[in-house]
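Here the structure is laid out as structure tokens; the discussion comes afterwards.
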Amino acid sequence: MLAMALILDAIFGEPDWLWRRVPHPAVLMGRAVDRSETLLNYGGWRYLKGVAAVALLLLVSLAISLPLSWSGFHGVFEVLGAAILLAQRSLSQHVNAVAEGMQVSLAEGRARVAMIVGRDPETLDENGVVRAAVESAAENWSDGVVAPAFWFLVAGLPGIVACKMINTADSMIGHRNERYARFGWAAARLDDLMNLIPARLSGLLICMIGGRRKALKVMWRDAGKHKSPNAGWPESAMAATLGIAIAGPRVYDGVTTDDPFLNNEGRHDLAEVDIRDAMTTLWVAWIVMLLFVGIAWFLTAGWR
């Protein structure tokens, strides 16, 4: 079922003709998160209220996904649900759009990268736009493809729905600012936990594409330099595989961070082609993941 879902997502992605007529599940998840925040994020006990919000969101996920997974129809609902919640083709479209924008002008590249990252786009030069796109590609491949696939294998449709719900909650309320620092703590920590294994698997898959021990060494050395406990693994693996330096200082809301570079010995002078190379790497990694899924199915089918 996972293999079929991965292939359907890669072929069809998120068709506009469908999602213009009905709301995408991710949109509904966002509305649920927003509603829980409106109802609970005020007054005291915000840590506890944040835990309650996460528990409520998970209950909603189970209430929707369990009946579908039990409904029979030879796994049709599970395959379609997983295909909708995977994001390989969508990620490719958004990241390649940045490369296409850079071919037009730096301003167009900034405008398009602003759609996938949170840093101040007007502060980015050409290197900054490319670094932002490559980092986003690596991190979102882990969050949007490998993690959902992993949790689908672990717990079927309820697993992938819960994974996407928590990831949506983290993206909306998991920020370290005055409004969300306490209320969003539970969502952020649970998202970190759910991505713990997938992020490392993502890094390993990316390193396999480079075919060199150096990528593994760089990933092991530099992953911990990232502020996120998970994002550093696929990002440092991508940097080493492409031979470039990414991350480093960046500007959010007018404040410059002091983040170190990942693979600092790599090339710092970047170009639009590096974005395309990153996405090519992720498509090859996707193929490798699909092959592993196929082999696992063959072996388990053989045992049965």
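So, Asp9, is that one of a type in the set (Asp, Glu) and without any contact (Cβ under 8 Å) to a residue 40 or more places away in the chain or not? Against the criterion (of a type in the set (Asp, Glu) and without any contact (Cβ under 8 Å) to a residue 40 or more places away in the chain), Asp9 does not qualify. Residue check: Ala278 meets all listed conditions (1) surrounded by fewer than 16 Cβ atoms within 10 Å (Cβ to Cβ); (2) among the hydrophobic types (A, V, I, L, M, F, W, C); (3) under 22 Å from the mean Cα position of the chain (by Cα) but one, namely (1). Evaluation of Ala97 against the conditions (1) in contact (Cβ under 8 Å) with a residue 40 or more places away in the chain; (2) surrounded by 17 or more Cβ atoms within 10 Å (Cβ to Cβ); (3) within 22 Å of Phe12 (Cα to Cα) shows that the sole unmet condition is (1). Within the stretch 38-93, if we keep just the residues that are outside any helix (DSSP H, G or I) and of a type in the set (A, V, I, L, M, F, W, C), the residue that is surrounded by the most Cβ atoms within 10 Å (Cβ to Cβ) turns out to be Leu86.
Can Ser105 be described as out of contact with any helix residue (DSSP H, G or I) (no Cβ under 7 Å at 6 or more places or on another chain) and without any contact (Cβ under 8 Å) to a residue 40 or more places away in the chain? Answer is yes for this residue. Sort through Leu242, Leu262, Leu291 and tell me the only one that's within 22 Å of Leu204 (Cβ to Cβ) and surrounded by fewer than 22 Cβ atoms within 10 Å (Cβ to Cβ). The match here is Leu291.
In the stretch 21-35, of all residues being of a type in the set (Lys, Arg) and part of a helix (DSSP H, G or I), the one that is nearest to Lys49 (Cα to Cα) corresponds to Arg35. Filtering the stretch 171-225 to residues that are small (Gly, Ala, Ser) and in a helix (DSSP H, G or I) leaves Ser171, Ala186, Ala187, Ala188, Ala199, Ser202, Gly203, Gly210, Ala215, Ala223, Gly224.
Bear in mind these aren't lab numbers, they're just calculated from the coordinates by the rules spelled out. Here the structure is a predicted model, which means the values were calculated and not measured. We place every Cβ from the backbone using ideal geometry, glycine too, and count neighbours over all the protein chains shown.
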